[in-house]
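The values are calculated or read from the model by the stated rules, or taken from the named source; none is laboratory data. If you're wondering where the values come from, they're calculated on a predicted model, not measured in any experiment. Every residue, glycine among them, receives a Cβ derived from its backbone with ideal geometry; neighbour counts consider all protein chains shown.
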Amino acid sequence: MGVAIRTAGEGDRELVVRLLDEAFQDDPVSGWVFPGAEYRRRTHHRLMAAFTDAVLADGRIDVTEDGAACALWLSVPADEGTGDGAGDAVDDSPAQVREAVDPDNERVELIGRLTAGIHPSGRAHEYLWMIGVAPERQGEGLGTALIASVLDRCDREGLPAYLEASSARSRGLYERLGFAFTGEPLDLPDGPRMWPMWREPRPADR
């Protein structure tokens, strides 16, 4: 399709935050973390800013050249990730995010602890933390292009990839890209379901 992609820098921070905020306003998980449309409009962008800052510092953000879509990736080394949740008690990151974003909202912290608790450990992999497409540009294949560019590298380097789908619609997209549901969903307390998904690298001749 010829979608031009570049790596975002600090100067793209506000663009990325805006994209994620707009793209996830109606997402089931965002609605659970920030219940109520007005509350979400006022507060949701702070969490997206925290995620953006974390990935700018420790990962990579890809954006389409026209600024309509972005993908946040982290390279997870072997033997990292909490897997069974054992690291939750000593990891202060979710609490720090809650304090910075919305101290009275325990779900800001809880979503971080729950997703960390199911994150696979043992093997190095690429983690697709979030992908956002401007609402008026969704359905054009921009998200697929962003993901495929990294999956091509994963295939060349023999690296798996991992993500958590936050809706049935996104799960279908990821399945078409070769991700498979791990078989253990994350059911948020009194909230929606998330689907952890893993993709093994594909041989070069496929």
Completion exercise
Sole miss for residue 79 among (1) part of a loop (DSSP other than H, G, I, E, B); (2) at pLDDT 95 or above; (3) touching a Ser or Thr at 6+ places or on another chain (Cβ under 7 Å) is condition (2)
Handout entry: Residues satisfying the stated conditions in region 46-67, i.e. more than 15 Å from the chain's Cα centre (by Cα) and either surrounded by 12 or more Cβ atoms within 10 Å (Cβ to Cβ) or among the aliphatic types (A, V, I, L, M) (or both)
Key = 46, 57, 64, 67
Problem - Enumeration of residues in region 182-199 that are of a type outside the set (S, T, N, Q), surrounded by 14 or more Cβ atoms within 10 Å (Cβ to Cβ) and farther than 21 Å from residue 107 by Cα - result: 197, 198, 199
